[in-house]
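The values are calculated or read from the model by the stated rules, or taken from the named source; none is laboratory data. Since we're looking at a predicted model, the values are computed, not measured. A quick note on method: Cβ atoms are made from the backbone with ideal geometry, for glycine too, and the neighbour counts reach across all protein chains shown. Keep in mind that these areas ignore ligands, DNA and RNA; they rest on the heavy atoms of the full protein, side chains included. Shrake-Rupley method; radii C 1.70, N 1.55, O 1.52, S 1.80 Å.
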Amino acid sequence: MRILAAMSGGVDSAVAAARAVEAGHDVVGVHLALSRAGGTLRTGSRGCCTIEDAMDARRVADRLGIPFYVWDFSERFRDDVIDDFVAEYRAGRTPNPCMRCNEKIKFAALLERALELGFDAVCTGHYAILRDGERGLELHRSSEEAKDQSYVLGVLTAEQLAHTYFPLGETPSKALVRAEAEARGFTVATKPDSYDICFIPDGDTRGWLAEKVGTAPGEIRDRTGAVVGSHDGAHAFTVGQRKGLRLGVPAPDGKPRFVLEVRPVSNTVVVGPKEALAIGEVAGSRFTWAGAAPLDPATPFSCDVQVRAHADPVPATAVVRDGELVVTPVEPLHGVAPGQTAVIYDGTRVVGQCTIDRTVSAVPAGV
């Protein structure tokens, strides 16, 4: 195949590109410049689109003897990922920018351009597996459980999966990937993995949002509506948060309280006991299927649901009802917020996903 290898400058994408070359494909490397104000150097595991990352990717491409380009996707990244991130927080939701980047940038904008230029597929260093199933191509969990990235790829559609290539999916450990990179002479063999939000390199999400959204004093209330504290902006709070609440009124039982809900219209934060974080149902109207859809999604079907990248899957039932994908876990989920993504699985196979629009508490308000 003619392969466009997305090369971030990290070890995973470097080894993925090398394996694509070794498999006999016609490979071209590309580094995505996602920020027009990218820094010169990374700070440990933090940073995005630095000149250092681009140069690391170029050195790998040179060693592999493949063409290499840098494509400016900064405007699309700003519109589809950063602006979406800010808008979601303004709306009192908790977004996942990695999901949006995969959905809008790596497997939409990049893939669209790749196909226009005559490439057959985009290759990335994600840890996930593609398999031929009875009803078409399927997306499965990686063999490396600790590095499995099928969750953040749950937004991919059947058409996108048909033009993707994940050479690392069957690799049993990240240590083997680093060892292979070292054996190939890649200087990125020991480069730290990136983490946190790539466009907030100092990790101060609250401070970054305060600059983008601004501050506005508001009230913190308990589940009865009583005022128990104040804040400088509801956007700074996320469901499940315990620290930094600065409550002026202690709970009657003396136990810690957690953020249960963020109400952006009234700029109010609702807090309550840990038990009240239990969620008995999640639903979202923005849902997709990763490959073939269930034969009858309007009839409840068994699945597992995962609501965070590294959370344990929970047995559940799912159904498409009134334009929503509704997922009911067998046991309550905890700390789930609108804006997060619920990915449903059948064993190791990703069935589909939805962006959570609403949640239903498993604990009545009076409890």
Output the residues belonging to the range 57-92 that are surrounded by 15 or more Cβ atoms within 10 Å (Cβ to Cβ), closer than 14 Å to Lys106 by Cα and of a type in the set (Asp, Glu).
-> Asp80
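For (1) touching a Phe, Trp or Tyr at 6+ places or on another chain (Cβ under 6 Å); (2) at pLDDT below 90; (3) of a type outside the set (A, V, I, L, M, F, W, C), each residue gets a yes or a no:
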residue: Ile66; (1), (2), (3): no, no, no
residue: Phe77; (1), (2), (3): no, no, no
residue: Asp83; (1), (2), (3): no, no, yes
residue: Ala121; (1), (2), (3): yes, no, no
residue: Thr124; (1), (2), (3): no, no, yes
Among Arg263, Arg242, which is among the charged types (D, E, K, R), farther than 30 Å from Ser74 by Cα, free of Cβ contacts under 8 Å to residues at least 40 places away in the same chain and in contact with a strand residue (DSSP E or B) (Cβ under 9 Å, 6 or more places away or on another chain)?
-> Arg242
For the range 194-253, which residues satisfy the criterion of being of a type in the set (Asp, Glu) and either open to solvent by less than 50 Å² (accessible area, probe 1.4 Å) or in contact with a Lys or Arg (Cβ under 6 Å, 6 or more places away or on another chain) (or both)?
-> Asp222
Which number in (1) more than 15 Å from Arg358 (Cα to Cα); (2) touching a Leu at 6+ places or on another chain (Cβ under 9 Å); (3) of a type outside the set (A, V, I, L, M); (4) surrounded by 18 or more Cβ atoms within 10 Å (Cβ to Cβ) marks the one condition that Thr268 misses?
-> (2)
Being over 21 Å from Ala189 (Cα atoms) and within 24 Å of the chain's Cα centre (by Cα) is the filter; apply it to the range 15-64 and report the residue that is modelled with the lowest pLDDT.
-> Gly39
Check whether at least one residue in the range 313-328 is open to solvent by 30 Å² or more (accessible area, probe 1.4 Å) and under 30 Å from Ala226 (Cα atoms), and report yes or no.
-> no
In the range 329-343, which residues are open to solvent by less than 30 Å² (accessible area, probe 1.4 Å) and more than 18 Å from the chain's Cα centre (by Cα)?
-> Pro329, Leu333
Counted residues, the range 126-162 - those being among the basic types (Lys, Arg) and either open to solvent by less than 10 Å² (accessible area, probe 1.4 Å) or modelled with pLDDT of 95 or more (or both) | 2
